[in-house]
Structures are given as C-alpha cells and as structure tokens.
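Take a look at the structure set out below.
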Amino acid sequence: WNTTFFGPTKIKESLRAIGARFDQTIQDKVEVAIAKYEPIMQAIIDEYKPRLEGKKVMLLVGGLRPRHTIGAYEDLGMECVGSGYEFAHNDDYERTMPEMPEATVIYDDPSEFEFEQFVHKLKPDLIGSGIKEKYVFQKMGIPFRQMHSWD
C-alpha cells in the first residue's frame, strides 16, 4: 500500500486508496473532499504548467522523497530524467522504478563529481536535492530546489 501526498494526482489516488478501506459513507466523503479542492489545485497547475511543460527535472534526495515527488513534477508537465538516493535499500528502488518514466536514469549514492557528470549529460532544467548540491548547481546556473529543508 503506497500513499503519497505530493501533487494532485497522487493525493487523489492516495485518498481513494485510504477511503477504499472503509465503507461507502467514507468513500463518498473522500470524493466530496476531492471535488472541493480539485479546482484549487487545477488553478495552480494552470498557472505554472505553461512555463514548466516539457522541462526536465533530476532528483537526488534521501528517504522516500524521490518516488513520492515524481508525480508532483509530472502534474506540472515536467519529465523526471534522473532520480536516486543517498541512502537506499533494494526495496526503495523496487518501489521507485514503477513511479518513473521509462529510460529514467537511476543513480545510487553518487559522489558530487558523479552527480555533476549526470547533470552535464542529462541537462535538466531543475534539480531537486540537498544542501550539499545546492551551491554547485546554482553556480552552474541551473535552477535548484532544496528538498531537505525549506529555505
């Protein structure tokens, strides 16, 4: 059972999966909640998607974030071209691979040099990673989203 609350598509899927474990009353309330917030989420997508459609993102974060955030980028029209973990187990990759588009590069605990080489080859428009990588890619002129804290 895999739930995530990053991005409208995954939020709806997760709410429905949770609701399915309960009776029809709860399932109906899930649909009411989805219907209530869907226009709000769609307005945000409509605002940003025209600028992000077709852009490429690469991720390198710990924990579950790579697989849980891919859908949010896809909702905005972005393509995940690379993703990986610093600290992961086999089951992390087994759960992540179905969330990724075909031919996405998956890297495991790359050094800073290796990650920079992936960036040179894959040419992302945005990188989502941690504080160690932030300044290198900002100096390279690549937009960066710090995903370990919210600075």
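Would it be correct to say that residue 16 is free of Cβ contacts under 8 Å to residues at least 40 places away in the same chain and closer than 24 Å to residue 97 by Cα? Quick ask: steps written out before the conclusion?
Details: free of Cβ contacts under 8 Å to residues at least 40 places away in the same chain: yes; closer than 24 Å to residue 97 by Cα: yes.
When the stated conditions are applied, residue 16 passes them.
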Verdict on residue 145 being in a helix (DSSP H, G or I) and within 16 Å of residue 6 (Cβ to Cβ): no
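Determine which member of the set 69, 96 is of a type outside the set (Lys, Arg), touching a Leu at 6+ places or on another chain (Cβ under 9 Å), open to solvent by less than 30 Å² (accessible area, probe 1.4 Å) and modelled with pLDDT under 80.
Numbers: 69 fails: modelled with pLDDT under 80.
After applying the criteria, what remains is 96.
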Failed item, numbered, when residue 50 is tested on (1) modelled with pLDDT of 80 or more; (2) surrounded by fewer than 13 Cβ atoms within 10 Å (Cβ to Cβ); (3) at negative phi; (4) within 17 Å of the chain's Cα centre (by Cα): (4)
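Being within 17 Å of residue 145 (Cβ to Cβ) and in a helix (DSSP H, G or I) is the filter here; which residues of region 46-59 pass it?
Residues of region 46-59 that are within 17 Å of residue 145 (Cβ to Cβ), as a first pass: 48-49, 51-52, 55-59.
Result: 48, 49, 51, 52.
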Residue tally, condition assigned to a helix (DSSP H, G or I) and β-branched (Val, Ile, Thr), over region 60-114: 3
Pair list, Cβ under 7 Å, 6 or more apart: region 29-58 residue small (Gly, Ala, Ser), other residue part of a helix (DSSP H, G or I): 33/15
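Scanning region 127-143 for residues that are open to solvent by 30 Å² or more (accessible area, probe 1.4 Å) and in contact (Cβ under 8 Å) with a residue 12 or more places away in the chain, which turns out nearest to residue 52 (Cα to Cα)? If you could, list the steps in order and put the result at the bottom.
Here is the first cut: in region 127-143, the ones open to solvent by 30 Å² or more (accessible area, probe 1.4 Å) are 131-132, 135-136, 138-141, 143.
From what is left, the residues that are in contact (Cβ under 8 Å) with a residue 12 or more places away in the chain are 131-132, 136, 140, 143.
On the way: 131: 23, 132: 25, 136: 23, 140: 20, 143: 12 Å.
Per the criteria, the residue is 143.
Residue by residue through region 1-41, note down the ones that are outside any helix (DSSP H, G or I) and in contact with a helix residue (DSSP H, G or I) (Cβ under 6 Å, 6 or more places away or on another chain). Please lay out each step first, then the result.
Here is the first cut: in region 1-41, the residues outside any helix (DSSP H, G or I) are 1-7, 20-23.
Residues satisfying the conditions are 3, 4, 5, 6, 7.
Would you confirm, using the coordinates I've provided, whether residue 88 is more than 25 Å from residue 146 (Cα to Cα) and either in the same structural domain as residue 125 (by the TED database) or small (Gly, Ala, Ser) (or both)? I'd like the intermediate steps shown before the answer.
Values: more than 25 Å from residue 146 (Cα to Cα): no; either in the same structural domain as residue 125 (by the TED database) or small (Gly, Ala, Ser) (or both): yes.
No.
The values are calculated or read from the model by the stated rules, or taken from the named source; none is laboratory data. On a predicted model such as this, the values are computed, not experimentally measured, just so you know. Here Cβ is always computed from backbone atoms with ideal geometry, including for glycine, and neighbour counts include all displayed protein chains. Just the protein is used for accessible areas: all its heavy atoms, side chains included, with ligands, DNA and RNA removed. Shrake-Rupley method; radii C 1.70, N 1.55, O 1.52, S 1.80 Å.
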